[in-house]
Amino acid sequence: MLISAVGCASTPRATDDAARRDMLTLLMPSRIKIVEPFTRVKSFDDDPTPDGIELLLQAVNSLDNPGLMIAGQLRVELFEHVAGSADQKGRRLEHWDIELATPAQQRRYWNQLTQMYEFRLGIDRTVMPQADKYVLLVTYNSPLGEHLTDEGVLAYRPGPGAPRSTASRAP
């Protein structure tokens, strides 16, 4: 009886591992995307002075389907904008490390309605120069050791009352 039970057990073959990896690739993010129209320099307390960045982020799979939840770590970096340069990133002004490893962290940042992550990133205005553009770089580190990045330019145009800003794709 013991021999027959052992004989029924199967061991994974190398082709099974490759097929499993291919199937997981369909579900895992192949890129992350800063959602441009909604990522901006913002005042979180509704006064005219901006005190943070509102970042909306989507993960997209290999079939180009957005709205994926991800687990792992994000690093968000804010840089001075350097005009007329191939690399628009100047001096790093601020950075944030965000964990997406627990159900509580997922609930805190995930918006079920928009199917994207929403982050309110506070900025120390004393270290942030007055400028009309900044570069935002987001790096996602998956638990499998993969790294995905996206970069965008935040255009900041203060006007009467509350400031306005928009994000655009970095070239």
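Values for this structure:
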| quantity | calculated |
| --- | --- |
| Leading residue at positive end of dipole, the range 1-157 (Cβ point charges), from Ala19, Val127, Gln112 | Ala19 |
| Distance between modelled label sites at Thr114 and Leu144, nm, 7 Å Cα→Cβ extension | 2.7 |
| Spin-label proximity, Ala83 to the range 115-137 - amide N less than 17 Å from point 7 Å beyond Cα toward beta carbon | 129-135 |
| Net +/- balance of residues flanking Thr139 in space, Cβ distance below 9 Å, scoring K and R +1, D and E -1 | -1 |
| Between the range 85-141 and the range 53-81, the Cα center-to-center distance that results, in Å | 9 |
| Accessible area of Arg31 in the full protein assembly, 1.4 Å probe (Å², nearest 10) | 90 |
| Shape call, the range 24-154: gyration tensor on alpha carbons, a/c limit 1.5 | prolate |
| Distance between modelled label sites at Gln106 and Asp46, nm, 7 Å Cα→Cβ extension | 3.3 |
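The values are calculated or read from the model by the stated rules, or taken from the named source; none is laboratory data. As the structure is a prediction and not an experimental result, all values here were calculated from the model. Quick reminder, even Gly has a Cβ in these numbers, built from the backbone with ideal geometry, and neighbours come from all protein chains shown. Side chains included, ligands, DNA and RNA excluded: accessible areas come from the protein's heavy atoms. Shrake-Rupley method; radii C 1.70, N 1.55, O 1.52, S 1.80 Å.
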